[in-house]
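The values are calculated or read from the model by the stated rules, or taken from the named source; none is laboratory data. Fair warning: this is a prediction, and the values are worked out from it, not measured in the lab. Don't worry about glycine lacking a Cβ; one is built from the backbone with ideal geometry, like all the others, and counts go over all protein chains shown.
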Amino acid sequence: MRFALSTEQLDFAAELRKILDAGQVPAAVRAWAAGDPAKGQALLGQLAEMGVFGLIVDEKYDGADATPVDLVVALIELGRAALPGPVIESAAVLPALLQRLPDGDIAQRYLPALAAGAQLGTITFDDPQRGIALDADTADLVLVAAGDRVTATSPAATEAAIASVDPARKLARVTADTLIAEGPEVEAAIAYAFDVGVLACAAQLLGAGRAILDQTVAYAKQRKQFGRVIGEFQAVKQQLADVLIGLELAEPLVYRAALTLDSADRSRDVSAALVACADAAHRAARAGLQVHGAIGYTAECDLSLWLTKVTALRTAWGTADFHRARIGAALRSAEAV
């Protein structure tokens with residue numbers, strides 16, 4: 001079977017990259033980390049106009065009713081730009097969850113605003129009494145999903161921010177407040193939404209890894225040592241070639257996971273994609289830091305924005321051990337059959 005992105009998907013990715021390149025994302029990330037989300041929200045608004053937040057939202061909720069592959073195409077570009085904010089939650093997880101709740105009125109209440117970018121949303125799958133949510137102070141809708149229950153939190157139930165390795169990731173403890181839905185169907189919807197989040201995280205990591213490689217290659221063509229640009233040295237070439245190979249091998253796993261999102265292989269495939277993309281992005285980050293040398297360690301260097309994002313995203317949707325255990329369990333189950 002041959003898989004390739006359509007012309008429309010490639011054009012969509014190109015348009016997103018054009019918007020993000022013109023939007024001075026590094027400045028927006030630094031402002032977001034400093035507590036000023038205005039620049040980041042303006043960029044998110046532009047992406048909303050492009051339909052990013054309504055990609056997997058049904059047309060009856062004012063969405064595009066697009067495919068998971070379209071969502072992956074968009075999130076790779078958002079990861080490439082290191083965009084701040086709860087984009088995984090707003091564009092992927094909440095639409096996936098709300099549309100699968102048994103009460104359709106809940107989706108009608110929240111999804112049109114999320115799809116239009118008029119509201120941002122976030123969610124935690126942690127302990128319903130002390131869950132940790134991303135950008136709960138900025139989001140208009142904060143949900144807690146645990147077991148077979150989905151609850152919303154009030155502003156009073158959100159505590160002060162928790163430090164993250166990525167200063168632009170504002171984490172806060174939230175407490176379950178108002179029950180939205182519960183029951184066996186809700187439990188299945190929560191499991192599906194979590195896996196959509198894992199897939200979206202993998203896509204962002206892939207995009208971030210590619211951005212780090214691009215920046216590092218450009219730097220290696222400029223920086224000189226011993227009278228030669230360092231990109232001419234075999235050791236540097238080999239490092240960057242290994243990074244490229246890792247990213248190229250991880251990419252098909254992301255698209256496979258998108259294609260099998262509604263199959264029995266869903267959890268196995270999204271976990272495999274995340275493990276591969278996290279490893280590839282981490283390898284890119286290590287090589288990028290080494291090639292950049294001392295300047296790569298400074299917060300003033302834009303590379304640091306991608307390094308900290310990759311470090312945070314590697315475990316944001318489950319550790320490597322957690323996902324490898326899921327892959328192993330799925331393979332053993334298949335062998336038993």
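When you scan segment 117-129, do you find a residue that is assigned to a loop (DSSP other than H, G, I, E, B), of a type in the set (D, E, K, R) and modelled with pLDDT of 95 or more, even just one? So far as segment 117-129 goes, no, none of its residues is assigned to a loop (DSSP other than H, G, I, E, B), of a type in the set (D, E, K, R) and modelled with pLDDT of 95 or more. Of the residues in segment 134-144, at least one is small (G, A, S) and surrounded by 22 or more Cβ atoms within 10 Å (Cβ to Cβ). Which of the residues belonging to segment 97-106 are surrounded by fewer than 24 Cβ atoms within 10 Å (Cβ to Cβ) and part of a helix (DSSP H, G or I)? Across segment 97-106, the qualifying residues are G104, D105, I106.
The C-beta contact set for segment 210-228 (first residue in contact (Cβ under 8 Å) with a residue 60 or more places away in the chain, second residue not in a helix (DSSP H, G or I), distance under 8 angstrom, 6+ apart or interchain) comprises A211/A82; Q215/D302; A220/V229; R223/V229.
Can you tell me which residue within segment 160-186, out of those that are closer than 30 Å to D302 by Cα, in a strand (DSSP E or B) and not small (G, A, S), is nearest to the chain's Cα centre (by Cα)?
Of segment 160-186, the ones closer than 30 Å to D302 by Cα are 160-173.
Pick out the ones that are also in a strand (DSSP E or B) and you get 160-162, 171-173.
Remaining after also requiring not small (G, A, S): 162, 171, 173.
Numbers: I162: 19, L171: 15, R173: 20 Å.
Checked segment 160-186; the qualifying residue nearest to the chain's Cα centre (by Cα) is L171.
Annotation: A118 fulfils all but one of (1) over 29 Å from K18 (Cα atoms); (2) surrounded by fewer than 24 Cβ atoms within 10 Å (Cβ to Cβ); the unmet one is (1).
Of I76, I88, which residue is touching a residue at least 24 places away in the same chain (Cβ under 8 Å), of a type in the set (A, V, I, L, M, F, W, C) and under 20 Å from A139 (Cβ atoms)? Full working, then the answer.
Details: I76 fails: under 20 Å from A139 (Cβ atoms).
I88 is the lone residue from the list that is touching a residue at least 24 places away in the same chain (Cβ under 8 Å), of a type in the set (A, V, I, L, M, F, W, C) and under 20 Å from A139 (Cβ atoms).
In the set L71, L5, L114, L83, which member is out of contact with any Ser or Thr (no Cβ under 7 Å at 6 or more places or on another chain) and not in a loop (DSSP other than H, G, I, E, B)?
Details: L5 fails: not in a loop (DSSP other than H, G, I, E, B); L114 fails: out of contact with any Ser or Thr (no Cβ under 7 Å at 6 or more places or on another chain); L83 fails: not in a loop (DSSP other than H, G, I, E, B).
Within the list L71, L5, L114, L83, the selection yields L71.
Picking from residues in segment 278-337 that are assigned to a loop (DSSP other than H, G, I, E, B) and of a type in the set (S, T, Y), the one that is surrounded by the fewest Cβ atoms within 10 Å (Cβ to Cβ) is T298. If you check A48, A91 for being under 30 Å from L101 (Cα atoms), small (G, A, S), in contact with a Phe, Trp or Tyr (Cβ under 6 Å, 6 or more places away or on another chain) and assigned to a helix (DSSP H, G or I), only one passes: A91. Of a type in the set (G, A, S) and either without any contact (Cβ under 8 Å) to a residue 12 or more places away in the chain or surrounded by fewer than 16 Cβ atoms within 10 Å (Cβ to Cβ) (or both), is that true of A42? Spelling it out, A42 is indeed of a type in the set (G, A, S) and either without any contact (Cβ under 8 Å) to a residue 12 or more places away in the chain or surrounded by fewer than 16 Cβ atoms within 10 Å (Cβ to Cβ) (or both).
Confirm whether A325 is out of contact with any helix residue (DSSP H, G or I) (no Cβ under 9 Å at 6 or more places or on another chain) and among the aliphatic types (A, V, I, L, M). Answer is no for this residue. Scanning segment 254-276 turns up at least one residue that is under 17 Å from the mean Cα position of the chain (by Cα), more than 21 Å from R169 (Cβ to Cβ) and among the aromatic types (F, W, Y).
Hey, could you check segment 219-264 for residues that are among the charged types (D, E, K, R) and assigned to a helix (DSSP H, G or I) and say which is surrounded by the most Cβ atoms within 10 Å (Cβ to Cβ)? The residue in question is E251.
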